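All remarks here apply to the structure that follows.
The values are calculated or read from the model by the stated rules, or taken from the named source; none is laboratory data. Keep in mind it's a predicted model, so treat the numbers as computed, not measured. Note that each Cβ is placed from the backbone with ideal geometry, even for glycine, and that neighbours are counted across all protein chains shown. Protein only, heavy atoms only, side chains kept; ligands, DNA and RNA dropped before computing areas. Shrake-Rupley method; radii C 1.70, N 1.55, O 1.52, S 1.80 Å.
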Amino acid sequence: MAARRIVVTSGKGGVGKTTTTANVGAALAQRGQRVVLVDADIGLRNLDLVLGVEKRIVFDIVEVVEGRCQLRQALIKDKRLENLAILPAAQTRDKTSISELQFAEVINQLAELCDYVLIDCPAGIEHGFRNAIAGAAEAIVVTTPEVSAIRDADRVIGKLRERGLPLRLIVNRIRPEMVRSGDMLSVDDVTDILSAELLGIVPDDPEIIDTTNRGEPIVLQPEARLTAIYQKIARRLEGEIVPFTSLNPPGFLERFFGKAG
Amino acid sequence: MHDVIPQGATDAPPKARGRAIVVTSGKGGVGKTTTTANVGAALAASGAAVVLVDADVGLRNLDIVMGLEARVRHHVLDVLEGLASVDEALVSDKRVPSLKLLAAAQTREKDDVDTAAFRDLIGTLRDRFDYVLIDCPAGIEMGFANAIVAADEAIVVCTPEVSAVRDADRVVGLLGDGRKVQLIVNRVRPEMVRKGKMLSVDDVNAILRLPLLGVIADAPDVIISTNKGEPVALDAASPVGSTYRAIAERISGTRSDEPELPREKSFFEKLFGGR
């Protein structure tokens with residue numbers, strides 16, 4: 001059976017597409033799914049860094065398309081999760097070195113090898129974006145609760161709907177205390193504006209900066225706060241109905257006695 | 001044959017051309033638009049004539065960050081395609097009259113921009129303004145190529161993250177040797193740097209090796225001011241605002257000291273909410 005092909009996109013850069021791709025992919029792999037992550041950001045690749053495999057790259061997606069190597073040769077297997085692999089982007093080439101058709105063909109070939117193909121889309125809505133969505137059958141739109149990110153997400157959602165791609169939303173980097181003080185849009189505000197179904201709510205957590213810099217998906221740390229959140233997103237992707245974690249700031253007693261997320 | 005125009009032949013001395021500076025980064029979401037808005041506002045508040053040009057056709061945001069989205073009537077492509085004059089398309093800032101915005105088209109594509117015409121437009125603006133700040137889109141595709149084509153200076157914005165540094169390094173290479181390139185390190189959290197959980201400014205610049213214009217702390221008041229459409233640089237009481245004003249002074253040449261690093265809040269400031 002062919003894999004699900006999901007593009008992770010946003011319009012605006014820096015909202016967490018790559019981090020989301022890495023962690024949702026790792027969480028799916030932890031559940032026993034065979035997962036391939038594809039970096040579509042040719043020229044500005046970063047998924048390899050976030051997964052800590054940058055020194056192990058031999059071939060990239062452009063070389064696959066140009067027939068310089070076999071698809072399987074270009075895949076890098078994660079050392080921590082045996083079900084997880086990545087197809088890296090080329091760093092010194094342009095996004096125009098692959099056509100939409102070629103990109104979709106690579107994704108279709110990968111779909112025969114695994115259960116999930118997650119495509120890490122570049123920022124913007126240019127050629128790289130068109131490539132990334134060409135091979136996908138569904139989409140995860142990542143946004144942050146900022147007016148500019150929501151406006152860009154709205155534009156991208158319009159383009160995804162034009163193509164008939166079903167999509168769900170991850171609202172990333174919520175700061176509950178700022179929502180409470182009225183200084184940040186709430187998740188409800190965001191889903192209302194975008195009128196999209198919610199897949200996940202991820203709080204802003206400085207811990208992720210450190211794990212990203214070290215090339216280790218945070219879901220590999222069982223005790224990290226975000227691990228449970230990404231694992232719930234993976235379960236929702238698989239069709240389970242999982243209640244959303246309350247992000248209300250912990251009350252006095254909870255702060256002292258701890259709280260299960 | 002050369003046309004030789006003797007100096008001083010005209011009645012009025014020609015106005016020195018304004019500086020065209022592109023604000024770029026490679027990676028998205030590191031703060032290009034916020035930097036453009038705040039550096040522009042700080043330069044204009046000190047008396048310079050400043051125009052901010054949003055080069056992010058299709059995903060514009062500078063108008064929102066400036067709080068001017070309701071006043072945009074025409075955009076860059078209208079001007080390039082002769083549907084509006086430059087004056088019709090410029091939006092005046094509410095707070096600083098010498099600050100103008102030229103918005104991007106929202107419902108068009110970056111490929112619609114004629115590179116030569118865009119270059120000419122920036123040239124026209126340089127004749128009228130002291131500073132033309134160009135807010136570059138993320139990535140290194142067509143939108144990037146257009147945004148840098150007419151700029152002879154660049155500000156590279158980078159956050160202390162390995163992915164941002166790698167993208168910035170790639171952009172510095174693409175900017176080439178013909179431009180003056182300077183660095184702003186954005187969203188530094190001093191306490192995380194101290195704990196070894198975030199790259200330091202020195203770590204970042206060990207790779208990029210660029211002259212440093214300034215270091216901006218990761219402060220919630222930047223998010224708040226962006227959502228409100230009020231550049232924090234115009235808030236006299238904001239420490240981040242004063243950092244932006246110092247950056248503007250380094251750009252204009254009225255300041256030449258080393259940029260200060262954001263300092264950690266003391267115990268009492270944390271306790272009593274001092275910002």
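Here are the numbers for this structure:
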| item | result |
| --- | --- |
| Magnitude of the charge dipole, region B:19-273, Cβ model with Lys/Arg +1 and Asp/Glu -1, debye to 20 | 680 |
| Range of Cα positions in chain B per principal axis (Å), largest first | 68, 41, 40 |
| Mean Cβ neighbour count within 10 Å, used as a protection proxy, ranking B:202-213, B:59-70 highest first | B:59-70, B:202-213 |
| Reachable lysines, given that their alpha-carbon falls under 19 Å from the alpha-carbon of B:LYS94 and they are not under 8 places away in the same chain | B:LYS228 |
| Peptide A:124-133 - average C-beta neighbours from other chains (10 Å radius) | 5 |
| Axial C-alpha extent at least 15 Å, average Kyte-Doolittle at least -1.0 - helices from chain B (DSSP) | B:32-45, B:115-128, B:162-175, B:239-252 |
| For region A:4-255, radius of gyration divided by Kirkwood radius, i.e. Rg to Rh on alpha-carbons | 0.96 |
| Length-normalised contact order of chain A in % [C-alpha pairs under 8 Å, at least 6 apart] | 25 |
| Inter-chain shielding of B:217-224 (mean C-beta neighbours from other protein chains, 10 Å cut-off) | 3 |
| Furthest towards positive pole of dipole, B:ILE21, B:ILE134, B:VAL157, structure part region B:19-273, Cβ charges | B:VAL157 |
| Long-range Cα-Cα pairs in region B:96-149 (distance over 18 Å), rounded percent | 34 |
| Unit charges at the beta carbon, dipole of the protein assembly as shown: most positive-side option, A:PHE129, B:ALA236, A:THR21 | A:THR21 |
| Helix-only [θ]222 nm of chain A, DSSP H runs n ≥ 4, -39500 (n - 2.57) each, per residue, nearest 500 | -11000 deg cm²/dmol |
| Whole-Hz ³J(HN,Hα) from phi, Karplus 6.51 cos²θ - 1.76 cosθ + 1.60, for region B:229-238, glycine and proline x | x, 10, x, 5, 5, 8, 8, 4, 8, 8 |
| For peptides A:86-93, B:246-253, A:115-122, sequence by mean Cβ density within 10 Å, most packed first | A:115-122, A:86-93, B:246-253 |
| Separation in nanometres of the label points that stand 7 Å from Cα toward Cβ, at B:SER242 and B:ALA117 | 4.7 |
| Largest-first principal axis extents of the Cα set of the protein assembly as shown (Å) | 80, 62, 43 |
| Length-normalised contact order for region B:88-230 - Cα pairs under 8 Å, 6+ apart - percent | 17 |
| Descending principal axes extents, region B:21-148, alpha-carbon based, whole Å | 35, 33, 27 |
| Length-normalised contact order of chain B in % [C-alpha pairs under 8 Å, at least 6 apart] | 24 |
| Per-residue SASA entry for A:LYS17, accessible area with 1.4 Å probe, Å² rounded to 10 | 20 |
| Too-long pairs where the Cα-Cα distance tops 21 Å, listed order kept, from A:LYS55/A:LYS77; A:LYS12/B:LYS100; A:LYS95/B:LYS110 | A:LYS12/B:LYS100 |
| Burial order of peptide ranges B:26-37, B:84-95, A:233-244, A:97-108 (average beta-carbon count within 10 Å, highest first) | B:26-37, A:97-108, B:84-95, A:233-244 |
| Aspartates and glutamates whose Cα lies under 12 Å from that of B:LYS32, excluding same-chain neighbours fewer than 8 positions away | B:ASP54, B:ASP56, B:ASP135 |
